[in-house]
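To keep things clear, I will list the structure first and then write my remarks on it.
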Amino acid sequence: MPSEILLKIFSYLDAVSLLCAGCVSRRFYHLANDNFIWIRIYSTAFSPTRSNWKVNSVEKIAVSVSSLSVQDKEAGYWKKEYIRKQIASVKAALADILKPVNPYTGLPVKTKEALRMFGLGWAIILKEKSGKEYIMEHVDLSVNDTSVTVIWYGKNWPCLASLSTLDLCGVTPVFMDWYKTPTKHRLRWHSLIAKYNLSHLTISTMIGCDRLIRIFCLHPGLLVGVWKKKEELAFVMANLHFHHLVERSTLGSATVPYELPPHSPFLDDSPEYGLHGYQLHVDLHSGGVFYLCGTFRNLFTKKGNIENGHVKLIVIHLKNNREHLPLIGKVGLSWKTGIFDGCIKSCSMMDVTLLDEHGKPFWCFSSPVCMRSPATPSDGPSFLGQRYSVDYVDAEGRVHVELVWIRETEEYLIVNLVLYLSIAKINRWFGTEY
């Protein structure tokens, strides 16, 4: 077909259809870069005189932009300008919707609304050692108080032995049509959130099992289920904290994660008194069931409570019975595939949101955890019941929880909860030199 006729046909396409046509062949790619077509699309979308009640025809818009340069621009210039401005408008809309902050959680008030409005989803990219890739869209998700749990399962997993890495990505439509509902078949943008090495599925990262599967925890916040008999993937579960979740899921690229803006240290007007006025919100949950949902205010620690490069922040004191808290229900991590489901005892998801004295998120994470018998006996008072501990560690701090199983009431009782905050993190945050 002559190029002139193809260009005429292309002139009736919208931006998404035109981009798709450009993927058919090299000839279609060059024709779909035509500046005359793209300047019309650009002007229709971003004309300063555009009205919600009356939209000019393509011919009228073409006349109104006659002063714009077309001939002296390289092919594809106005396509790039259109895409650049679309991305800028999405970023501006994101910043606007995430601006209001909840004073109690320190997190954006409209995170759930932003997830729905931007058609946000998540995908995992499984990469074989040979370089072949498998992209899997999420099958199920549940929104919690301060996190979202995303699940992948199916029958067509690639062979686990052939896999090398797993990329977790946010997925959003390339162009936001506010009047349309996003679908799976539209062009979408991948934003890398985290990359995981599947060679780390070893005994050291296994946190639990039942009669069918074993589960492994990969930092940050990824849970991988493996069938016991076949040694193949059963499911993948990611727990994503709300803090900067929308930005991390939309503003990165397919190969480079979103980089947080530089932090300007808060002035600490009383560094000699240590940390004070902190607030902690912690959840233990699984499958929509919450075993603990607690908020602790006015937390403080003295400057002298520094050990091994961490500041010790005691939330629940071991020797203060009035602070001890029960967990609700029988703790277990629920899992499911297309055929089977189950629950792994003593495991759950933990969401932690720690706010500083200004109400700003200081340390946030969501991760699978499990209860284990402590390696060493506690120095505190003895309790009538089996003791367990839950520990979480990353570069910014550590969480230590001690629990007692009360046989008479068949419940776990939290008798100690301590945060160990990294001195390096505190110094960066406040510009101090502890």
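Pop the C-beta distance of H219 and I406 into the FRET formula with R0 = 35 Å and round what comes out to the nearest 0.05.
About 0.65, to the nearest 0.05.
Given a 1.4 angstrom probe, I'd like the percentage of the accessible area of the chain that is carbon and sulfur, rounded to a whole number.
Ligands and nucleic acids excluded, carbon and sulfur reach 55 percent.
For K303, go through the lysines and keep the ones whose alpha-carbon is under 27 Å away, minus same-chain ones fewer than eight residues off.
Once the sequence-local lysines are set aside, what remains near K303 is K312, K319, K360, K425.
Please compute the modelled spin-label separation between A424 and F36, points set 7 Å along Cα→Cβ, answer in nm with one decimal.
Result for the modelled spin labels: 6.0 nm.
Normalised by the residues of the chain, what does the relative contact order come to in percent, with Cα pairs under 8 Å and at least six apart?
Relative contact order of the chain: 11 percent.
Over every pair of different alpha-carbon atoms in region 253-350, take the mean of 1/r and invert it; report that Kirkwood radius in Å.
About 17.7 Å for region 253-350.
Using R₀ = 22 Å, calculate the FRET efficiency as 1/(1 + (r/R₀)^6) where r is the Cβ-Cβ separation of E307 and A395; round to 0.05.
It comes to 0.80.
Enter the accessible area per residue of the chain (Å², integer; probe 1.4 Å; all protein chains in place).
Averaged over the residues of the chain, the accessible area is 54 Å².
Of the chymotrypsin sites (Phe, Trp or Tyr not before Pro) in region 88-128, which ones lie in a loop per DSSP and count no more than 16 other C-beta atoms within 10 Å?
Y104
Once the piece of chain linking C343 and V16 is laid out straight, how much longer is it, given 0.36 nm per residue of separation minus the C-alpha distance between them?
113.4 nm
For A254 paired with S25, estimate the spin-label separation in nm (one decimal), with each label point 7 Å from Cα along the Cα-to-Cβ line.
Here the modelled spin labels are 2.3 nm apart.
Distance in nm between label sites at A92 and K230, each 7 Å beyond Cα in the beta-carbon direction?
5.0 nm
Quick check: the distance between the Cα centres of region 90-114 and region 215-287, to the nearest angstrom?
Centre-to-centre distance over Cα atoms comes out at 18 Å.
Taking a point 7 angstrom from the Cα of E323 along the C-beta vector, which residues in region 349-367 have backbone N less than 19 Å away?
352-357
Please go through the residue pairs K195/K345; K195/K302; K79/K112; K129/K155; K110/K345; K91/K129 and name each one whose alpha carbons sit more than 30 Å apart in this structure.
In this structure, K195/K302; K79/K112; K110/K345; K91/K129 lie more than 30 Å apart at Cα.
Between L384 and K330, what length in nm is gained on full extension when 0.36 nm per residue of separation is reduced by their alpha carbon distance?
17.6 nm
Can you give the longest run of the chain that contains no GluC sites (Glu not before Pro) sitting in a DSSP loop with at most 15 other Cβ atoms inside 10 Å?
Maximal segment without exposed cleavage sites: 75-230.
What value does the chain have for Rg/Rh, both radii from Cα atoms and Rh as Kirkwood defines it?
1.05
Going by the alpha-carbon gyration tensor, a ≥ b ≥ c the square roots of its eigenvalues, is region 327-434 rounded (a/c under 1.5) or, if a/c is not under 1.5, prolate (a/b greater than b/c) versus oblate?
It comes out oblate by the Cα gyration axes.
The values are calculated or read from the model by the stated rules, or taken from the named source; none is laboratory data. Bear in mind the structure is a predicted one, so any value in this text is a computation, not a measurement. Backbone-built Cβ (ideal geometry, glycine too); neighbour counts: all protein chains shown. Accessible surface is based on the protein model in full, side chains and every heavy atom, while ligands, DNA and RNA are left aside. Shrake-Rupley method; radii C 1.70, N 1.55, O 1.52, S 1.80 Å.
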